[in-house]
Amino acid sequence: MLAILADRTYRHLFAAQVIALPGTGLLTVALALLAYRLAGEDAGAVLGTALAIKMVAYVAVAPVVGGYAGRLPRRAFLVAMDVVRAGIAVLLPFVTEVWQIYVLIFLLQSASAAFTPTFQATIPDVLPKEKDYTRALSLSRLAYDLENLLSPVLAAALLTVIGFHWLFGGTVIGFLVSAMLVISVRLPQAVRTDRAKGIYDNITHGIRIYLATPRLRGLLALNLSAAAAGAMVIVNTVVLVRGVLDRSEGDVALALACFGGGSMVAALLLPRALDRVPDRRVMIPAAGLLGLLLLGFAWFANTDGSGLWLILLAFWVLIGFGYSAVLTPSGRLLRRSARAEDRPAVFAAQFALSHACWLVTYPLAGWLGAAAGATVTLVVLGILTLSGAGLAMRLWPADDPEAIEHTHPDLDPGHPHLAGHDGAGRRHRHPYVIDDLHPAWPDPR
């Protein structure tokens, strides 16, 4: 897996991601402490609102940027977004009102919604071989999981010697170093599109491609499964550990670490598995496993067994494994389903639509848990997770071709689309992507 780091461009981009992630983790801790300073016991409501604002920014801004990102100089755009994020983080320690947190968080997350899908769409151009790209996806998953494990520890260590305001400085440093690493390499420029349409068409271009592609419609259903299971873990682990089991705050961290550890194990095993097994046969069963695990733990949680704590840890490891197995291969589907010039828009569509799923499941997990209890929440989210897996099975054909043989009887034999093919018959095989020439591929089922 580490062999792909021999590529200098990818190595610098991966380093930029790794360095920026702890800065984001420190921001989360510092923001929680800032909210408590400003709002006291209402800090939870402030953070919940800030999280909702983050998701709204992701859903609203990503498609807008994705519609035009292919026309912008890629490296300059990524650097500009890093600098904007660093500048906003500089302002956060000086906040004196709750509404100022909301405004700055919206601006910061809007810049992230512009940066992240553009960054993700760059990696397939840097690593054009699917085998290399698969390993890059697994490395990225590992980086996210390590950040979730290590950032709280780093923040706790720093808070023993500095005030929480200084944690925002770590965020600023992370974004600035990320910008310098992006500047240090020459990035392949996105293929420019000749699409000259209106604002609405440009903004919705990626989403229209996404929703017209059977395998990506299946991916959207799997995003819902992952969001339902992930929201249960992220929102209600503290409720289960502290409220149901009456264990310590340190045990909350241990349970979340088990979830992250399971995710890391899956990320390590997936590259070799995906070399041999199609993505569909990995992702859909993994989503089904997530649903069964939630329902299974609901049964255990209702039995008042003495070993429930150890059962929870084991289930959280398995849920982390399934969660990673659902999400890690998603970049392969996006890469396979879009022409190079459409990738920024399609990656932005995935970013927006996947976070729309979280925008539904986060409050569902929180509100249902508070109103009906942990067992009912586990059952409802388990059923939702299984529904996503079943919908994906229906939407994503088992016979999912890499390329389709087709004819363009209305194209001139010299048309660039027929280059290298049988121009006389105008019949050729072409990657199964939705584009202007193929606005409605036949469903391969």
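Within the group Pro444, Pro397, which residue is at pLDDT 85 or above and assigned to a loop (DSSP other than H, G, I, E, B)? So the residue among Pro444, Pro397 that is at pLDDT 85 or above and assigned to a loop (DSSP other than H, G, I, E, B) is Pro397. For the stretch 308-323, check the following and say yes or no: at least one residue is free of Cβ contacts under 8 Å to residues at least 12 places away in the same chain and of a type in the set (Ser, Thr, Tyr). No: zero hits. Has the stretch 86-108 got any residue that is assigned by TED's automatic domain parsing to the domain that holds Ala60, surrounded by fewer than 23 Cβ atoms within 10 Å (Cβ to Cβ), polar (S, T, N, Q) and in a helix (DSSP H, G or I)? The answer is yes, given that some residue of the stretch 86-108 is assigned by TED's automatic domain parsing to the domain that holds Ala60, surrounded by fewer than 23 Cβ atoms within 10 Å (Cβ to Cβ), polar (S, T, N, Q) and in a helix (DSSP H, G or I).
I'd like the full set of residues that are outside any helix (DSSP H, G or I) and more than 30 Å from Leu269 (Cα to Cα), limited to the stretch 129-171. Break it down stepwise before answering.
So in the stretch 129-171, the residues outside any helix (DSSP H, G or I) come out as 129, 160-163.
Within the stretch 129-171, Thr160, Val161, Ile162, Gly163 qualify.
Candidates in the stretch 351-379 are the residues that are modelled with pLDDT of 90 or more and in contact with a Leu (Cβ under 6 Å, 6 or more places away or on another chain); of these, the one that is farthest from Gly291 (Cα to Cα) is Leu353.
Under the condition of being without any contact (Cβ under 8 Å) to a residue 60 or more places away in the chain and either charged (D, E, K, R) or within 12 Å of Val185 (Cα to Cα) (or both), the residues counted in the stretch 1-26 number 1.
When residues of the stretch 175-203 are filtered for being assigned to a helix (DSSP H, G or I) and modelled with pLDDT under 80, how many remain? Give the steps one after another, and end with the answer.
Let us first name the residues in the stretch 175-203 that are assigned to a helix (DSSP H, G or I), namely 175-183, 199-203.
Right, trim to modelled with pLDDT under 80 and you get 199-203.
Within the stretch 175-203, residues that are assigned to a helix (DSSP H, G or I) and modelled with pLDDT under 80 number 5.
Taken together, Gly288, Gly320, Gly331 contain a single residue that is among the small types (Gly, Ala, Ser), buried (at least 18 other Cβ atoms within 10 Å of the Cβ), more than 30 Å from Val126 (Cα to Cα) and in contact with a Ser or Thr (Cβ under 9 Å, 6 or more places away or on another chain), which is Gly288.
Take Thr385 and decide whether it is among the β-branched types (Val, Ile, Thr), modelled with pLDDT of 90 or more and over 15 Å from Ala231 (Cβ atoms). Quick ask: steps written out before the conclusion?
Values: among the β-branched types (Val, Ile, Thr): yes; modelled with pLDDT of 90 or more: yes; over 15 Å from Ala231 (Cβ atoms): no.
Taking the combined requirement at face value, the residue does not satisfy it.
Does Ile19 satisfy the criteria of being surrounded by fewer than 19 Cβ atoms within 10 Å (Cβ to Cβ), at pLDDT 80 or above, at negative phi and of a type in the set (Val, Ile, Thr)? Talk me through it step by step, then tell me what you get.
Details: surrounded by fewer than 19 Cβ atoms within 10 Å (Cβ to Cβ): yes; at pLDDT 80 or above: yes; at negative phi: yes; of a type in the set (Val, Ile, Thr): yes.
Against the criterion (surrounded by fewer than 19 Cβ atoms within 10 Å (Cβ to Cβ), at pLDDT 80 or above, at negative phi and of a type in the set (Val, Ile, Thr)), Ile19 qualifies.
The values are calculated or read from the model by the stated rules, or taken from the named source; none is laboratory data. Predicted, not measured: the structure shown is a model, and the values here were computed from it. Counting neighbours? That spans all protein chains shown, and the Cβs are built from the backbone with ideal geometry, glycine included.
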